[in-house]
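These notes concern the structure reproduced below.
The values are calculated or read from the model by the stated rules, or taken from the named source; none is laboratory data. Remember, predicted model here, so these are calculated numbers, not experimental data. Quick reminder, even Gly has a Cβ in these numbers, built from the backbone with ideal geometry, and neighbours come from all protein chains shown.
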Amino acid sequence: MIEVRNLVKNIASSHRQNAQKNGIAIIDNLELLIEQGQSASVQGASGCGKTTLLHLLSGLDHPCAGTLIVAKHAIHNYDETRLDYFRRHTIGIVFQQFHLLESLNVEDNIAFTARLAGNLDPHHINNLMQQLGIADMRNQRVTKLSGGEQQRVAIARALAHKPRVVFADEPTGNLDEHTSSAVSELLFSTCRALNTTLLLVTHSNDVAALADDAYHMTSGQLTKITPSLQKS
Amino acid sequence: MYSVILKASAGHAKQHPWPVLWLILAVTAAAAGLSAVLILNNAALQDYQRQSSLIPLHADLKVAGTINSVEPMTVAQHRAFYSQIRAAGFREVVAFQRENTQLTVNGDALEVTVYAVDAAALASLVSDAVPDPLGLVSVIAVSQDIAARLSADTAIALTINDQTVSLPWVSLASTQDSHATVLLDLHAFAQLNIALQPNYVVFATEYKRDIVAFLADRQLQYTPYTAEDSPIAITRSFHMSLLAMSLVMFLVCFFIVINALNLFMAGRSRMLKIFRQMGIPRTVIVRLLQVELALYALIGAVIGIFLGQLTAFLLAPSIATTLNNLFGVPVSLGELLHFPIYVPIIAICILATLISASVPIKRLASQLSHITPSTESSLAVSKALFFSLLLAGIALIGILFAGQLSMVFATVAMLLLSGVACLYWLYPTIIRLLVNVSHRTGPLIHWTFSHANVIAVHSRLACAAFFIALATHIGMTTMVDSFRSATEDWLQHRLIAEHYYYGDTGALLTVKERLDNEGIRTQERYQMNLYWQHENGGFAAQTYSYPATTEYLNGLKVEKLLPDGLNQFRAHRGLFINQQLAYRHGLDVGDTLSIAVADKTMDLTVVGIHYDFGNPDTQVLLPLNLLLQTTWTYEQAMSQAVRVMAIHTQDNIALKQYLDELGLSHERLYSRARLLEVSLAAFDQTFVITDALNLVTLLVAVFSLITSILLITNQTQNISGVLRSIGVTRMQLIASLIGQYLIIALITALCALPFGLALAYVLVKKVNVVAFQWMFPLTVDWLAILFAMVTSLVIISLFTSASILLSQSGSLKEQIQCRE
Amino acid sequence: MPRVTGFVIITIGLFAIVLGGQYFSQPQNKAPSVLYGGLVQSSNSLAQVSPEYAIGFPRDHQPHPDFAVEWWYFTSNLKSQSNPEQHYSVQFTLFRFNRGGLTQSAWSDGQLFMAHASIHTPQTHYFDERFATGGNRHAGVLSEPLVIQLDNWSWRSTTAELLPARLNIPLDDIELTLELTATGPIVLHGEQGYSRKSANGSHASMYYSQPFIHVAGELQTTQGNEVLVGQGWFDHEWTSQVLNEQTQGWDWFSLHLDNGEKLMAFRMRLNDQADHITGTLISPDGTARTLPPTALNLTPQEYARMEQRKYPSRWRLRIPHHGVDIELTPRKPDQWNQGRFPYYEGAVTITGSHSGVGFMELTGY
């Protein structure tokens, strides 16, 4: 579950995080609630703060004000050690640029997070690979894979350690339209199957439509998009 | 369009100065090392040529008398011989005498070399020298440094063999020599009442067989003139090794340049891609990039030359001393400003930079997607192994068969290249092993090792430079240390007595008589130039007397000894030869040498080959009593050249007292400790330059590795971000990154060790032998080697850690956002 | 514009005058140092020649070490035996210098010897200059037999007398060997050998010649051997009084007339006195008649140039009393000996009232 209240994030024009300075409030009293196992998508114009929100939620950045509770972790108060633990055990991240470890093969990449978290479940990983259709590439170097295949590996990696929440930052941004829909379908279905909360940032209407809830971000705040608006 | 690009480039350089600064620094270092050595070598060459123009330094003919006589030639005999050889038409043979002595100018003592030459004969050969030799019949010529001190009323005196005479002539001319030289006519010199022992200079560029035949016909024993004895030939090995070291340094520096260029290109690539997108043609970009790099190279070269010039000035006295001590070649290295050298060095630096840049530029010009590090395919790895073995094989052949110095240096190069190829094979091999072993352990460790492979590929050149520098360092240090300990050990053994006194025969025998009265045991050493025959021919060699007592024989350090050798020596049937003699004439223990004495021939067996480090001449040791009993009468023996005497007493004060009573100076009395001290100090001074260059090269290589690491840390930023986001803690990540670099450095260092030792072996057993014809045992100082390796690794780790810590200190978010 | 042109013209004109002046000026007075580079100093501490001295042979063939300068001088006019149109000339001189204040040393007696060897073939000129210190056997004069040598150049007699002798001069590419025999007696110049060279007697020397030498020998070159035959003239002179600050130089001639007579003519050029001309006319039987300055006329007819030097190349010699009116012409344009102290020494042909061959020496130009 993800619960966000009164979230504020200022970005000073010189990139310094200083709440005292007069900065631009990129996130301005944002509120968000996602139930466990649900999926949500966030859309918005470029530079509106979607990625910043994701960074805040995944503990990669600190808020200026407000509360962030992700899977019962009140991460707005966490120090670095606890954030490390949080990231290691509780969440998984899928990046736009895949960000796979190029010196490892597919299987090692996927198992990395699970090993790190100390809950390696080969069975689970095998299932993931089957589901994502990458089981027969397990020994290949990730650099040899196509974009779609790489992203699927990334998704598997994000899920290998059975996180409570998965954040995806424009996961289909680097993929073509056809691959894009296949991958996003997989992402949503896999998360649903594992009862993992999924928060996904995207600029694609089609991808956003796959989520249980769709949000739009403007002026530092989220607005829920009604299903009818979504379909248009 | 050009101005736009140039402005943007300048702006970029200002904002990201470090790659440019590294580049300039690297070129500076390369230029400094090269220019320092070239300037010094050139200064020495000027000295040799200038000195050779009037008196070739070592081109002399030592005629020691007829073969059948062990008595040295009298002056009358010399004059008769000289007349004969000149009347036979050998106008290129000119009588001269050379003395290294003291010149007192207004009370200040200067070490000078006095050349007394038959000025008239010289004038028959040379008419356009400065000064004209014909002028010497009425003037004395002095070198410029002495001439500068003289005025009309200066009192000058010459001290030779403890005798001081004032020089009566008022008019003085100046030679072109820069080293303290006094040049005068032999007739004038003879009037100073200094004992005449002329030698003969042969002004010929090739070995004159007819002179040798002339001498052989008259049964004269001589040390023949060969062109190999010119100072240029003698010091060739020294200058070559200086040059070799500077080239190594240059090469290593240019590895840094390549790394700096990679860093530079990486930083510049974004801007250049924008230019391409703006429509600026590729050729224009490349051309302007080359211009910019050439400019940086120029700046670096100019600064480097300035530093090199400065270094040359600082090192010149030390090198002059070395040349004097090691080769007996007096130089002053005054001509250190030599502008014509600057231009080629600048050109070489610019050219080398542009050549080094060609690969990164090519890569830049064709790249469009982000850099994907390629892991080694197994084919390339086995290629590396193949080359390593091939080069090692060639090196081995070289070690076994190379006879000339240049070939041996080529062997050394092969050895180092083989090491580099071996290194390229080792990285993936060892790392793969580690990866496999760590597969089931923690994922971070596993990733650490597998990523180390990537780093190894990226930092290949830097690691090669580090390897070469470290191996060279190990090799050179081991060689120098072996030499030093061999020398020290040899001296310790050889110096049997507690005191040694040097002087001329008269003084020594006076002292001996006095000490005999006091009951103090002395041991004088007789020496003369004798002509020895063996089955392959004959040669002249400095022959010394050596006591056949157990004490003294134990002090002789031998390379080879016949089983019964010492007894044979005692029984007057054997003699010792030094390594130089053994090498030069192909002699071994068991060979027979004969000498003609009066009307009989003595056959003696070579019972041992003794070590004689640092002696450029050959040497024979004969039992003292053999000489005294069979070759001379006692009176004749006593009048032979006795130059040094061992005194078996520790009572330094009493000795000085006796010397005072006899009116002799203390200066030539040395205690054993002092002799050791002086000898080792001379040794250390000789190797100061080598050590310095060595150290600099190592530092340079270490920093090359660091530059490479800086480059890579840049590129691994986003990987760090990914790992952190996955949940790797900061400390874990830092440890992992540091570990990766350390693995590479450690593998490099460990690979450098055996190759460094192999290099030491080649230096000691091959280079030294080919260059000097003597050899010392190789001893490995593990502590010193370990120290060098550990120190370099520590420096690398420190810098690596610092840079990694710095790179990890930014916010996570920024790391993640490292899009291309 | 005209101003500039005018300026340029004046400048060029000035240059021309300065340069041209140098070109056309008469030869200047030169100090004696150009003669033997300071090796000779007229010193009162050295022995002085005097008319009282009685020359005797073979004693006086030997050196006179107490005098400042001495020379043994051989010149020869030769023809190729196979091709008499090809003329050769040879000069061999040994000089001795005593610079004053000499002391003996273990190496030498301090005397300095200089030797010149000059060989003219029709096409080439070979010249070499050597030096040596005295007191050693390879330089100087030996007595039994008489050997005049420096290094491997030697005049080697069979006895203590001057002739017969063999002259051997090996140079780098050639070797000359000449057999010398006497066809007449030795001649003393001046007053029994005391030869006065200036009007007031300040300059004088002991001087004798052997002008009657038959020469036959061989010149070996890389192109082959040339057999030569001809006449030779030997001078031996010693003095301490010929070369000082007042001496400009001299012109000397040794002439073999075809009628068997020999002629020596000498012009001394001095700073403080008028030129002093002397000579000796020698009849075929060896009778020598000293010619005072009034008896002969020696005048340059033509000047030539060698680098900066201007010198008289062609001469007219007249001895009215003896019906001699001859012109002396150099055989080759360049017969300069370019040693450290260059001077002119070369063969001349004699035309006019008499014919013959000879040698001319010009110093101090």
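Below, the figures for the structure above:
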{"read-out": "Flag if B:A413 is under 13 Å from B:G756 (Cα atoms) and modelled with pLDDT under 85", "value": "yes"}
{"read-out": "From B:I744, B:I726, B:I738, residue being surrounded by fewer than 21 Cβ atoms within 10 Å (Cβ to Cβ), out of contact with any strand residue (DSSP E or B) (no Cβ under 6 Å at 6 or more places or on another chain) and not assigned by TED's automatic domain parsing to the domain that holds B:G586", "value": "B:I738"}
{"read-out": "Hey, A:A135 without any contact (Cβ under 8 Å) to a residue 12 or more places away in the chain, surrounded by 15 or more Cβ atoms within 10 Å (Cβ to Cβ) and out of contact with any Leu (no Cβ under 7 Å at 6 or more places or on another chain) or not", "value": "yes"}
{"read-out": "Strands (runs of 3 or more DSSP E) wholly inside region C:274-365 containing at least 2 residues that are more than 14 Å from chain B (Cβ to nearest Cβ) and over 30 Å from C:P185 (Cα atoms)", "value": "C:297-306, C:309-319"}
{"read-out": "Residue in region A:192-201 that is within 16 Å of the chain's Cα centre (by Cα) and part of a helix (DSSP H, G or I) present", "value": "yes"}
{"read-out": "Selected residue [surrounded by fewer than 23 Cβ atoms within 10 Å (Cβ to Cβ) and either in contact with a strand residue (DSSP E or B) (Cβ under 8 Å, 6 or more places away or on another chain) or more than 10 Å from every other protein chain (Cβ to nearest Cβ) (or both)] from B:V93, B:V142, B:V105", "value": "B:V105"}
{"read-out": "Failed condition for C:G352, given (1) out of contact with any Gly (no Cβ under 6 Å at 6 or more places or on another chain); (2) buried (at least 18 other Cβ atoms within 10 Å of the Cβ)", "value": "(2)"}
{"read-out": "Output for region C:136-171, where each listed residue is at positive phi and within 8 Å of chain B (Cβ to nearest Cβ)", "value": "C:D151"}
{"read-out": "Any hit, region B:53-76, residues being aliphatic (A, V, I, L, M), at pLDDT 85 or above, touching a helix residue (DSSP H, G or I) at 6+ places or on another chain (Cβ under 6 Å) and crowded, with 22+ Cβ neighbours inside 10 Å", "value": "no"}
{"read-out": "Selected residue (criterion: farthest from C:Q220 (Cα to Cα)) from residues of region C:162-185 that are in contact with a Gly (Cβ under 9 Å, 6 or more places away or on another chain) and surrounded by 22 or more Cβ atoms within 10 Å (Cβ to Cβ)", "value": "C:L180"}
{"read-out": "Filter result for B:I747 (closer than 27 Å to A:E80 by Cβ, more than 11 Å from every other protein chain (Cβ to nearest Cβ), over 23 Å from the mean Cα position of the chain (by Cα) and modelled with pLDDT of 80 or more)", "value": "no"}
{"read-out": "Those residues of region B:110-126 which are part of a helix (DSSP H, G or I) and acidic (D, E), in sequence order", "value": "none"}
{"read-out": "Matching residues in region C:130-155 - criterion: being within 27 Å of C:P342 (Cα to Cα) and surrounded by fewer than 18 Cβ atoms within 10 Å (Cβ to Cβ)", "value": "C:V147"}
{"read-out": "Qualifying positions in region B:80-108 - touching a residue at least 12 places away in the same chain (Cβ under 8 Å) and of a type in the set (A, V, I, L, M, F, W, C)", "value": "B:F81, B:I85, B:A88, B:F90, B:V93, B:V94, B:A95, B:F96, B:L103, B:V105"}
{"read-out": "Residue in region C:115-122 that is closer than 22 Å to C:A68 by Cα, more than 8 Å from chain B (Cβ to nearest Cβ), part of a loop (DSSP other than H, G, I, E, B) and more than 18 Å from the chain's Cα centre (by Cα) present", "value": "no"}
{"read-out": "Filtered residues of region A:83-123 (kept if of a type in the set (D, E) and more than 8 Å from every other protein chain (Cβ to nearest Cβ))", "value": "A:E107, A:D121"}
{"read-out": "Output for region A:143-162, where each listed residue is within 11 Å of chain B (Cβ to nearest Cβ) and touching a helix residue (DSSP H, G or I) at 6+ places or on another chain (Cβ under 6 Å)", "value": "A:R157, A:A160, A:H161"}
{"read-out": "Whichever residue in region B:323-356 is of a type in the set (S, T, N, Q) and at pLDDT below 75 and, among such residues, is farthest from B:G614 (Cα to Cα)", "value": "B:S332"}
{"read-out": "Qualifying residue in region B:699-715 (condition: within 14 Å of chain A (Cβ to nearest Cβ), outside any helix (DSSP H, G or I) and over 38 Å from the mean Cα position of the chain (by Cα))", "value": "no"}
{"read-out": "In region A:53-90, the residues that are assigned to a strand (DSSP E or B) and touching a helix residue (DSSP H, G or I) at 6+ places or on another chain (Cβ under 8 Å)", "value": "A:G66, A:T67, A:L68, A:I69, A:V70, A:H73"}
{"read-out": "Region C:69-107, residues that are within 14 Å of chain B (Cβ to nearest Cβ), out of contact with any helix residue (DSSP H, G or I) (no Cβ under 8 Å at 6 or more places or on another chain) and assigned to a loop (DSSP other than H, G, I, E, B)", "value": "C:N98, C:G100, C:G101, C:L102, C:T103, C:Q104"}
{"read-out": "B:L778 being of a type in the set (A, V, I, L, M) and either within 30 Å of A:L60 (Cβ to Cβ) or in a helix (DSSP H, G or I) (or both)", "value": "no"}
{"read-out": "Filter pass, C:E129 being not in a strand (DSSP E or B) and not aliphatic (A, V, I, L, M)", "value": "no"}
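Residues checked against (1) crowded, with 19+ Cβ neighbours inside 10 Å; (2) part of a strand (DSSP E or B):
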residue	(1), (2)
B:T477	yes, no
B:R484	no, no
B:Q492	no, no
B:T510	no, no
B:R525	no, yes
B:G538	no, yes
B:Q542	no, yes
B:Y552	no, no
